[in-house]
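Heads up: the structure comes next, in structure tokens.
The values are calculated or read from the model by the stated rules, or taken from the named source; none is laboratory data. These numbers were taken from a predicted model, which means no experiment stands behind them. Please note: Cβ atoms are built from the backbone with ideal geometry, for glycine as well, and neighbour counts cover all protein chains shown. Accessible surface is based on the protein model in full, side chains and every heavy atom, while ligands, DNA and RNA are left aside. Shrake-Rupley method; radii C 1.70, N 1.55, O 1.52, S 1.80 Å.
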Amino acid sequence: MSAQPTVIVLASGRGDRFVASGGQGSKLRALLAGKPVIEHTLAAVQASGLPWHLEDAGHAGMGDSIAAAVAATRDAQGWLVLPADLPLVQPASLLAVAAALEAHDLVLPVHGGQRGHPVGFGPRFRDELLALSGLAGAAAIVQANRAFRLELADPGIVTDIDTVQDLRAAEQELNARR
């Protein structure tokens, strides 16, 4: 395998929808099977063996977070953009996106027809990623370029925690896996 891309874990969001749904405090600190949501996500990232960077500086929007993370890992051989609120993502899914980046500049993981994360960006997108700002993240880059759609069997790539109901559903999914 050639040089590996860096997983950038985005943990800067405020989680307003989680609080609005009845959650207390940060959704990333909410307990899922006895551990904070973010610890599940980071455990999967660490288990993948890929280099990684946690971006948790409290940026105004996802675009700002991605730009800061890419700036901090400027020499990476690509990036896997992973929001920290995907605690069920499997290490194998991260590795599959990383492997697909060897043949494609832009990799969009899909599960059951639904777009998921991490989205993989090759080094040619460095300047575009560095220029991001605002709430939309890298959606404009994905829309403006042809992405390789990588079908994955992992529902964890689309299971994000935005509400208390999402947290309960993730707990049920974790229990079903055991």
Once normalised by the length of the range 1-66, the mean sequence separation of its alpha carbon contacts under 8 Å that are 6 or more apart gives a contact order in percent of 49
Assign unit charges at the C-beta atoms only (+1 for Lys and Arg, -1 for Asp and Glu), then state the dipole size of the chain relative to its Cα centre in Debye, rounded to the nearest 20. 160
What is the range 40-178's relative contact order, in percent, from Cα pairs under 8 angstrom and six or more apart in sequence? 31
Of 57, 67, 37, which is farthest towards the positive pole of the range 1-76's charge dipole, taken about the Cα centre with +1 and -1 on the beta-carbons of Lys, Arg and Asp, Glu respectively? 37
What is the percent carbon and sulfur in the accessible area of the range 46-98, measuring with a 1.4 Å probe over the protein chains and ignoring ligands? 51
Roll a 1.4 Å probe over the protein chains and send me the accessible area per residue for the chain in Å². 47
Cα centroid separation, the range 4-43 to the range 95-173 (Å): 17
With a cut-off of 16 Å, note down the residues of the range 155-178 whose backbone N falls inside the zone around a label point 7 Å from the Cα of residue 19 toward its beta carbon. 162-164
Once the piece of chain linking residue 140 and residue 47 is laid out straight, how much longer is it, given 0.36 nm per residue of separation minus the C-alpha distance between them? 30.4 nm
Quick one: dipole size for the range 18-85, taken about the Cα centre, charges +1 on Lys/Arg Cβ and -1 on Asp/Glu Cβ, in debye to the nearest 20. 180
Under a Cβ-only charge scheme (Lys and Arg +1, Asp and Glu -1), can you give me the dipole magnitude of the range 4-55 about the Cα centre, in debye to the nearest 20? 160
At 222 nm, what value in deg cm²/dmol follows for the chain if DSSP H runs of at least 4 each add -39500 (n - 2.57) and the sum is divided by all its residues, to the nearest 500? -10000 deg cm²/dmol
